[in-house]
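What follows is one structure encoded as structure tokens, with my remarks underneath.
The values are calculated or read from the model by the stated rules, or taken from the named source; none is laboratory data. These numbers were taken from a predicted model, which means no experiment stands behind them. Cβ coordinates were reconstructed from backbone atoms using ideal geometry, including for glycine residues, and neighbour counts include every protein chain displayed. Just the protein is used for accessible areas: all its heavy atoms, side chains included, with ligands, DNA and RNA removed. Shrake-Rupley method; radii C 1.70, N 1.55, O 1.52, S 1.80 Å.
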Amino acid sequence: MAINVGKANLVEQLELILSLRGSYSIVAIDTEFPGFIRDTPRNATEEERYNDVKHNVDNMHLIQLGVALFDEGGNTPWPGCCWQFNFSDFDPDVDTSSPDSIELLVQSGHDFQQNRRDGIDAQRCAYLVCVKLFCQPYSSKYITFHGLYDVAFVIKMITRAPLPNTLNEFSDLVRTIFGQIYDLKYISRFCCGLRRGEIGLVGLSRLLNFEPVGIRHQAAYDSLLIGALFNKMKRRRHNVEDDRSASVLYGIENRCVENRRTRRIDRRVRPYPRRQQRPLAAMGLLAL
């Protein structure tokens, strides 16, 4: 069963996660947020897509962050182990959102008024969350599915600043903060029998004959499913961890690949723009 994390048990649960990270270094993540206030056409360029991501993320609040831990053998600390961090920042009566998305989240069990009362203040607790979840001296791997928005919201929370102005800067920041991150939707492109990645999370689970547990659109259960599918793909000998998949997010894959190639050629390139160094340094991220 998912562990719900609010302001009352935040420190306790972060300490528990920290105590497990040494043995469970694969971190699957998922987020829930208030939909899209600017839609992106399917034929948009990567720069256009990122501009929409920046507009949406900069103008919305994160509702929930889901985290599930796995070891290299695909084991979790205990059956059904996952956490969902509920944030108090989003007010459906005031903040910008997509009505259809809010209705879907309500139907999936989200209680926004309870989050307002008992949830975590993302601004006040960003440092604590990022240090415990993302700034550890372990060789962590982060797993997501169609994770461009998930990663963008986490970066916004960690830096406590708007997203970078350019896609190139954002791609560099992804590598700086997350290091090894794998996007299953992108990886599915190269796996036989997975429809070249043109499927959703539930569709992927069906193709892999995996029965999801828990409630869809609850971030903890979706993160648990993402991690389980990653490990099932490994067992089926899909090349989920080869060089072409590392640190590439679906939707901006060309930019991610190009930036990785550029880094190999010029090791002197800064990992993030100068103006981003102060918030990152303040949170100890320069050591990543």
Matching residues, the range 42-73, being over 17 Å from Pro164 (Cα atoms) and open to solvent by less than 20 Å² (accessible area, probe 1.4 Å): Ala44, Leu62, Ile63, Gln64, Leu65, Gly66, Val67, Ala68, Leu69, Phe70
Scan of the range 100-129 for residues that are touching a residue at least 60 places away in the same chain (Cβ under 8 Å) and either under 17 Å from Phe36 (Cβ atoms) or assigned to a loop (DSSP other than H, G, I, E, B) (or both), ordered by number: Asp100, Ser101, Ile102, Leu104, Leu105, Ser108, Gly109, His110, Gly119, Asp121
Residue among Leu14, Leu18 that is open to solvent by 30 Å² or more (accessible area, probe 1.4 Å), hydrophobic (A, V, I, L, M, F, W, C) and farther than 22 Å from Arg216 by Cα: Leu18
Selection within the range 163-186 - within 15 Å of Glu241 (Cβ to Cβ) and modelled with pLDDT under 90: Phe178, Gly179, Gln180
The lone exception for Ser139 - which of (1) open to solvent by 40 Å² or more (accessible area, probe 1.4 Å); (2) at pLDDT 90 or above; (3) outside any helix (DSSP H, G or I) it fails: (2)
Residues within the range 22-55 that are closer than 30 Å to Phe112 by Cα, of a type outside the set (Ser, Thr, Tyr) and in a helix (DSSP H, G or I), tallied: 6
